[in-house]
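To start, the structure under review is shown below, and the notes come after it.
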Amino acid sequence: MLNLPTTCACGAVFNIQHALECQLGGLRTIQHNEVRDVVAQCMREAGHSLVEVEPQLQELSGEVFDYKSANKEADARSDIKCCGFWTNKRQAYFDVKVVSPFARSYVGLKPAQLFRMAEKAKVREYRARILEVEHGDFNPLVFTCTGGMAPQCHLVMKRLAEQLSKKLNLQNSVVSGWLRCRLSFALLRTTLLCVRATRRKRFVIDNNIELAVSEARIEH
């Protein structure tokens with residue numbers, strides 16, 4: 001691609017694959033948060049008034065889980081909590097994961113295998129704790145940076161589209177297409193950010209205070 005660097009700020013060779021994996025600069029976090037916020041906002045638009053982003057989970061009191069990868073941290077959080085999403089007055093928890101199908105660790109995996117592996121990782125990390133301690137439901141929301149969605153994510157988006165269509169009095173097919181488009185654009189915007197944005201902090205020293213104040217139109 002034109003106008004792309006040959007070397008990443010982290011020192012590695014820069015290419016599309018590396019751009020979608022590199023953690024330097026926080027661009028991957030921005031992508032995750034963008035998708036999380038879009039899903040949470042759509043839940044609010046569907047009529048759910050009790051939607052919380054990054055809710056803190058209750059601390060454990062001696063619970064033992066089957067999987068070693070279960071999240072046992074005292075300050076553990078999921079990405080989204082929504083009351084009444086699946087069942088009236090019951091809390092539903094969701095955790096977002098955006099994966100790159102071009103990553104080295106996924107080479108040779110078919111999309112179905114990739115989604116299954118990513119969903120299992122999230123389920124092992126959160127489901128038992130949320131079921132046993134929070135007494136709520138849990139669904140992983142796994143997307144690819146190219147716009148794909150894992151099976152459980154499809155179910156959640158289908159349910160969300162149904163709720164939006166009832167709230168807005170629109171055909172379900174119209175709302176479903178709009179919702180997928182909205183999420184696709186969120187993924188596209190942030191994927192381009194990972195490829196094009198700078199990962200290195202730039203420090204600009206300008207000692208001309210009067211010029212800076214004038215250009216910024218700062219009143220004093």
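Identify the single condition in (1) surrounded by fewer than 17 Cβ atoms within 10 Å (Cβ to Cβ); (2) hydrophobic (A, V, I, L, M, F, W, C); (3) without any contact (Cβ under 8 Å) to a residue 40 or more places away in the chain that residue 51 does not satisfy, given that it satisfies every other one.
(1)
Which residue, of 73, 119, 132, 125, is buried (at least 19 other Cβ atoms within 10 Å of the Cβ) and over 22 Å from residue 160 (Cβ atoms)? Spell out how you get there, then give the answer.
Details: 73 fails: buried (at least 19 other Cβ atoms within 10 Å of the Cβ); 119 fails: over 22 Å from residue 160 (Cβ atoms); 132 fails: buried (at least 19 other Cβ atoms within 10 Å of the Cβ).
Only one candidate passes the filter, namely 125.
For segment 58-92, which positions are modelled with pLDDT under 95, of a type in the set (A, V, I, L, M) and within 18 Å of residue 141 (Cα to Cα)?
70, 76
Which one of these is aromatic (Phe, Trp, Tyr) and within 18 Å of residue 192 (Cβ to Cβ): 102, 85? Outline the logic, then answer.
Numbers: 85 fails: within 18 Å of residue 192 (Cβ to Cβ).
Only one candidate passes the filter, namely 102.
Please state which of the following conditions residue 95 fails to meet, knowing it meets all the rest: (1) of a type in the set (Asp, Glu); (2) touching a strand residue (DSSP E or B) at 6+ places or on another chain (Cβ under 6 Å); (3) under 28 Å from residue 171 (Cβ atoms).
Failing condition for residue 95: (3).
If residue 11 satisfies every condition in (1) surrounded by 13 or more Cβ atoms within 10 Å (Cβ to Cβ); (2) assigned to a loop (DSSP other than H, G, I, E, B) but one, which is the exception?
That leaves (1) as the condition not met.
Would you mind finding the one in 195, 133 that is assigned to a helix (DSSP H, G or I), in contact (Cβ under 8 Å) with a residue 24 or more places away in the chain and touching a helix residue (DSSP H, G or I) at 6+ places or on another chain (Cβ under 7 Å)? Write out each step before concluding.
Numbers: 133 fails: touching a helix residue (DSSP H, G or I) at 6+ places or on another chain (Cβ under 7 Å).
Every option except 195 fails the conditions.
Looking at (1) among the hydrophobic types (A, V, I, L, M, F, W, C); (2) assigned to a helix (DSSP H, G or I); (3) out of contact with any Gly (no Cβ under 8 Å at 6 or more places or on another chain), can you tell me which one residue 98 breaks?
So residue 98 meets the others, but not (2).
Would you mind finding the one in 184, 176, 100 that is free of Cβ contacts under 8 Å to residues at least 40 places away in the same chain and either crowded, with 18+ Cβ neighbours inside 10 Å or in contact with an Asp or Glu (Cβ under 9 Å, 6 or more places away or on another chain) (or both)? It would help to see each step written out before you state the result.
Values: 184 fails: either crowded, with 18+ Cβ neighbours inside 10 Å or in contact with an Asp or Glu (Cβ under 9 Å, 6 or more places away or on another chain) (or both); 100 fails: free of Cβ contacts under 8 Å to residues at least 40 places away in the same chain.
After applying the criteria, what remains is 176.
Does residue 29 count as closer than 30 Å to residue 166 by Cβ and loosely packed, with under 15 Cβ neighbours inside 10 Å? Break it down stepwise before answering.
Numbers: closer than 30 Å to residue 166 by Cβ: no; loosely packed, with under 15 Cβ neighbours inside 10 Å: yes.
Criteria not met by residue 29.
So residue 86 passes all but one of these: (1) assigned to a loop (DSSP other than H, G, I, E, B); (2) free of Cβ contacts under 8 Å to residues at least 60 places away in the same chain; (3) touching a strand residue (DSSP E or B) at 6+ places or on another chain (Cβ under 6 Å). Which condition number does it fail?
(2)
Residues being among the basic types (Lys, Arg), within 18 Å of the chain's Cα centre (by Cα) and assigned to a loop (DSSP other than H, G, I, E, B): count how many of those fall in segment 62-83. Outline the logic, then answer.
First, pick out the residues of segment 62-83 that are among the basic types (Lys, Arg): 68, 72, 77, 81.
Restricting the remaining residues to those that are within 18 Å of the chain's Cα centre (by Cα) gives 77, 81.
Of the ones still in play, those that are also assigned to a loop (DSSP other than H, G, I, E, B) are none.
Number of matching residues: 0.
The values are calculated or read from the model by the stated rules, or taken from the named source; none is laboratory data. No experiment lies behind these values; they were computed from the predicted model shown. So basically every Cβ, Gly included, is an ideal-geometry build from the backbone, and we count neighbours across all protein chains shown.
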